[in-house]
Amino acid sequence: QVQLVESGGGLGQPGGSLRLSCAASRSVFSFNNMGWYRRAPGKQRELVAAIHPSGKTVYADSVKGRFTISADNAENTVSLQMNGLKPEDTAVYYCNAVEIGPMRNYWGQGTQVTVSS
């Protein structure tokens, strides 16, 4: 059973930074990709950023240039560095891991990020 445990959420100030980490119960490179999603109040869950074992990354337009996703296979962690925080970044952030063959999605329990002065 795959477990994903997020940490690092909390209160951030506009223009400030927060770093989220996701600890996986096995090698992060054993998944087809890993990523971060978020769900803001009253909105649907959306992809924030994802990373492939090759190192290829993808970002939502709303976070490009501000957020950076990275993977550390030695530590079995995927992190999301969030700079230039905006109030609209307020959401519950979820770590996600995907397997293909058969298709499986794994989710963490979520961590709250609130951006407010």
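Got a number for residues in region 41-94 being among the aliphatic types (A, V, I, L, M) and under 21 Å from Ser116 (Cα atoms)?
The number of residues fulfilling the criteria is 7.
Inside region 34-60, can you point out the residues that are open to solvent by 30 Å² or more (accessible area, probe 1.4 Å), in a loop (DSSP other than H, G, I, E, B) and out of contact with any helix residue (DSSP H, G or I) (no Cβ under 8 Å at 6 or more places or on another chain)?
Those that are open to solvent by 30 Å² or more (accessible area, probe 1.4 Å), in a loop (DSSP other than H, G, I, E, B) and out of contact with any helix residue (DSSP H, G or I) (no Cβ under 8 Å at 6 or more places or on another chain): Pro41, Gly42, Lys43, Gln44, Arg45, His52, Ser54, Gly55, Lys56.
Surrounded by 12 or more Cβ atoms within 10 Å (Cβ to Cβ) and under 13 Å from Asn96 (Cβ atoms): does that describe Val2?
Details: surrounded by 12 or more Cβ atoms within 10 Å (Cβ to Cβ): yes; under 13 Å from Asn96 (Cβ atoms): yes.
Yes; evaluated as a whole, the condition is true for this residue.
Kindly list, by first and then second residue, each pair from a residue in region 96-117 that is at negative phi to a residue that is outside any strand (DSSP E or B) and aliphatic (A, V, I, L, M), limited to pairs with Cβ atoms under 7 Å and residues at least 6 apart or on different chains.
Ala97/Val2; Tyr106/Val2; Val115/Leu85
Say we look at region 31-42 and pick out the residues that are closer than 16 Å to Thr111 by Cα and over 11 Å from the mean Cα position of the chain (by Cα); which of these is modelled with the lowest pLDDT?
Going through the qualifying residues, I end up with Pro41.
Out of all the residues in region 8-33, which are open to solvent by 60 Å² or more (accessible area, probe 1.4 Å) and part of a strand (DSSP E or B)?
Leu11, Arg19
If you take the residues in region 61-117 that are in a strand (DSSP E or B) and open to solvent by 60 Å² or more (accessible area, probe 1.4 Å), which one is nearest to Gln13 (Cα to Cα)?
Gln112
For the structure I just gave you, tell me whether Arg26 is over 14 Å from Val115 (Cβ atoms), modelled with pLDDT under 95 and basic (Lys, Arg). Step through it out loud before you land on a result.
Working: over 14 Å from Val115 (Cβ atoms): yes; modelled with pLDDT under 95: yes; basic (Lys, Arg): yes.
Yes; evaluated as a whole, the condition is true for this residue.
Regarding Lys56, is this residue over 14 Å from the mean Cα position of the chain (by Cα), over 18 Å from Ser7 (Cβ atoms) and not aliphatic (A, V, I, L, M)?
Yes; evaluated as a whole, the condition is true for this residue.
Gln44 passes all but one of (1) free of Cβ contacts under 8 Å to residues at least 12 places away in the same chain; (2) touching a Leu at 6+ places or on another chain (Cβ under 9 Å); which number fails?
Of the numbered conditions (1) free of Cβ contacts under 8 Å to residues at least 12 places away in the same chain; (2) touching a Leu at 6+ places or on another chain (Cβ under 9 Å), the odd one out for Gln44 is (2).
The values are calculated or read from the model by the stated rules, or taken from the named source; none is laboratory data. Quantities reported herein were computed from a predicted structural model and do not represent experimental measurements. Counting neighbours? That spans all protein chains shown, and the Cβs are built from the backbone with ideal geometry, glycine included. Areas reflect the complete protein model, heavy atoms only, side chains present, ligands, DNA and RNA absent. Shrake-Rupley method; radii C 1.70, N 1.55, O 1.52, S 1.80 Å.
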